[in-house]
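*Asks:* Can you keep this structure in mind? I'll have questions shortly.
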Amino acid sequence: PSFPGLLFLQVTHLVIERPPFFIYEPGDYVYLNVPAIATYEWHPFTISSAPEQQETLWLHIRSLGQWTNKLYEYFQQPESPSPEPKPLSRS
């Protein structure tokens, strides 16, 4: 069916292992670096998971520019045979 005026957004949902003792509040953000996209670029994104979520951090990133479009495309690629998740940098 057709939905006039409805935009279909591309959103990347990242689930990141929460570092021990990492404390945050609603509205806080993290800087993200994905070397496979741009080695020296860091981008701020609001954390979308609740602080009570102990194991992981969630980021929901809309594709609005060159870097976020590349991020979306990177995670749309078929998975390799390896069970390893796609690499992000940690610092």
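The values are calculated or read from the model by the stated rules, or taken from the named source; none is laboratory data. The shown structure was predicted, so the numbers you read here are calculated from the model rather than taken from an experiment. When we count neighbours, we look across all protein chains shown, and the Cβ atoms used for this are built from the backbone with ideal geometry, even at glycine. The accessibility values were calculated without ligands, DNA or RNA, using every heavy atom of the protein model including side chains. Shrake-Rupley method; radii C 1.70, N 1.55, O 1.52, S 1.80 Å.
*Asks:* Quick one: count up the residues across the range 13-41 that are hydroxyl-bearing (Ser, Thr, Tyr) and either under 14 Å from residue 61 (Cβ atoms) or surrounded by 12 or more Cβ atoms within 10 Å (Cβ to Cβ) (or both). Don't jump to the end; show me each part of the working.
*Replies:* Start the filter on the range 13-41 by keeping residues that are hydroxyl-bearing (Ser, Thr, Tyr), which leaves 24, 29, 31, 39-40.
Cutting the leftovers down to either under 14 Å from residue 61 (Cβ atoms) or surrounded by 12 or more Cβ atoms within 10 Å (Cβ to Cβ) (or both) gives us 24, 29, 31.
Of the residues in that region, 3 qualify.
*Asks:* Return the total of residues in the range 44-54 being touching an Asp or Glu at 6+ places or on another chain (Cβ under 9 Å) and modelled with pLDDT of 95 or more.
*Replies:* The number of residues fulfilling the criteria is 2.
*Asks:* Among the residues of the range 44-61, which ones are open to solvent by less than 50 Å² (accessible area, probe 1.4 Å) and within 16 Å of residue 74 (Cα to Cα)?
*Replies:* 59, 61
*Asks:* Could you say whether any residue in the range 1-12 is modelled with pLDDT of 95 or more, part of a loop (DSSP other than H, G, I, E, B), in contact with a strand residue (DSSP E or B) (Cβ under 8 Å, 6 or more places away or on another chain) and surrounded by 13 or more Cβ atoms within 10 Å (Cβ to Cβ)?
*Replies:* Scanning the range 1-12, I find no residue that is modelled with pLDDT of 95 or more, part of a loop (DSSP other than H, G, I, E, B), in contact with a strand residue (DSSP E or B) (Cβ under 8 Å, 6 or more places away or on another chain) and surrounded by 13 or more Cβ atoms within 10 Å (Cβ to Cβ), so the answer is no.
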